[in-house]
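Undergrad: Got a structure here, written out as structure tokens. Questions coming.
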């Protein structure tokens, strides 16, 4: 049986925020299951960077292709992870998609709405269910952790991508539900809420947000980075917040501060 210590599954970790999370976990001594939906080349790149960043030869980095919106693919992925890496110690629900087209809610399609809800909300919700059941059924002694990566869009309205906002708002409630249900099982659940982050997802609106950030939308006056999010994930997995299940941690440079 493979080493079962400190195995973390990070969904959507081939690039962007997921890659940043995975690299920081590698630096922290963790073994990581790298999940991707379609870009195998990017996943291989993430794996190589993690291997270079690893702190010991005992760390393992395996790649698993799965669309988390699909129940069968989720279950097959978890079975492979268990066989190749051992029991998971942590889950980072990071995978998410933006709408293919930013459309005013007066014109947005049901097809886009359904696609985003299935990937951004249903996928992580039921993946957490499956992982948590395995922990509870195995009476695992080690303190396990689940992290949901949401967005400032869970509380900030963007009328040209309502489907995205609603999927993230639902995910924030999922954190509260799972934190409440799993607390007695000694499984901690957290929400990390990124702000305006420098990733592929925001590449098409870079100039717009450059100006907004310069004008003070973000008090710290810079973009967030995948490393910023990765550092927060690593700290939570390290056990630095043992009495804070259900907590929301903003990774947004002060965006959430109400100001006049």
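The values are calculated or read from the model by the stated rules, or taken from the named source; none is laboratory data. Keep in mind that this is a model prediction, so the values were computed, not measured. As a convention, Cβ positions derive from the backbone with ideal geometry for all residues, glycine included, and neighbour counts pool all protein chains shown.
Undergrad: Quickly run through region 16-32 and pick out the residues that are closer than 14 Å to residue 149 by Cβ and either in contact with a helix residue (DSSP H, G or I) (Cβ under 7 Å, 6 or more places away or on another chain) or modelled with pLDDT under 95 (or both).
TA: Hits for region 16-32 are 16, 17, 19, 20, 21, 22, 24, 25.
Undergrad: Taking the options 112, 71, name whichever one is in contact with a helix residue (DSSP H, G or I) (Cβ under 6 Å, 6 or more places away or on another chain) and either touching a residue at least 24 places away in the same chain (Cβ under 8 Å) or under 24 Å from residue 253 (Cβ atoms) (or both).
TA: Result: 112 is the single residue among 112, 71 that is in contact with a helix residue (DSSP H, G or I) (Cβ under 6 Å, 6 or more places away or on another chain) and either touching a residue at least 24 places away in the same chain (Cβ under 8 Å) or under 24 Å from residue 253 (Cβ atoms) (or both).
Undergrad: Here is a further query. I'd like to verify a number: residues in region 69-86 that are crowded, with 18+ Cβ neighbours inside 10 Å, touching a strand residue (DSSP E or B) at 6+ places or on another chain (Cβ under 7 Å) and not in a helix (DSSP H, G or I), how many?
TA: 1
Undergrad: Turning to a different aspect of this structure: Regarding residue 130, is this residue modelled with pLDDT under 95 and either outside any strand (DSSP E or B) or farther than 23 Å from residue 251 by Cβ (or both)?
TA: Against the criterion (modelled with pLDDT under 95 and either outside any strand (DSSP E or B) or farther than 23 Å from residue 251 by Cβ (or both)), residue 130 does not qualify.
Undergrad: May I pose another question? Restricted to region 220-238, and to residues that are in contact with a strand residue (DSSP E or B) (Cβ under 8 Å, 6 or more places away or on another chain) and not in a helix (DSSP H, G or I), which residue is surrounded by the fewest Cβ atoms within 10 Å (Cβ to Cβ)?
TA: The qualifying residue surrounded by the fewest Cβ atoms within 10 Å (Cβ to Cβ) is 225.
Undergrad: Of the residues 202, 245, which is within 30 Å of residue 182 (Cβ to Cβ) and either in contact (Cβ under 8 Å) with a residue 24 or more places away in the chain or surrounded by 12 or more Cβ atoms within 10 Å (Cβ to Cβ) (or both)?
TA: Only one candidate passes the filter, namely 245.
Undergrad: What is the one condition in (1) touching a residue at least 60 places away in the same chain (Cβ under 8 Å); (2) part of a strand (DSSP E or B) that residue 32 does not satisfy?
TA: Failed condition: (1).
Results for (1) touching a residue at least 60 places away in the same chain (Cβ under 8 Å); (2) part of a strand (DSSP E or B); (3) over 26 Å from residue 238 (Cα atoms), shown as yes or no for each residue.
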| residue | (1), (2), (3) |
| --- | --- |
| 148 | no, yes, no |
| 164 | yes, no, yes |
| 167 | yes, no, yes |
| 176 | yes, no, no |
| 181 | no, no, no |
| 184 | no, no, no |
| 188 | no, yes, no |
| 191 | no, yes, no |
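Undergrad: Please verify whether residue 136 is more than 15 Å from residue 13 (Cα to Cα), surrounded by 18 or more Cβ atoms within 10 Å (Cβ to Cβ) and either touching a helix residue (DSSP H, G or I) at 6+ places or on another chain (Cβ under 8 Å) or free of Cβ contacts under 8 Å to residues at least 60 places away in the same chain (or both), treating the condition exactly as stated.
TA: no
Undergrad: Still on this structure, I have one more. Every residue in region 245-256 that is farther than 17 Å from residue 91 by Cβ and in a loop (DSSP other than H, G, I, E, B), please.
TA: 252, 253, 254, 255, 256
Undergrad: Against the definition (surrounded by fewer than 18 Cβ atoms within 10 Å (Cβ to Cβ) and either modelled with pLDDT of 95 or more or under 13 Å from the mean Cα position of the chain (by Cα) (or both)), how does residue 183 come out, yes or no?
TA: yes
Undergrad: Within region 45-68, is even one residue at negative phi and within 13 Å of the chain's Cα centre (by Cα)?
TA: yes
Undergrad: Checking the structure you have, find out if any residue of region 202-219 is in a helix (DSSP H, G or I), on the phi < 0 side of the Ramachandran plot, under 18 Å from the mean Cα position of the chain (by Cα) and modelled with pLDDT of 95 or more.
TA: Taking every residue of region 202-219 in turn, none turns out to be in a helix (DSSP H, G or I), on the phi < 0 side of the Ramachandran plot, under 18 Å from the mean Cα position of the chain (by Cα) and modelled with pLDDT of 95 or more.
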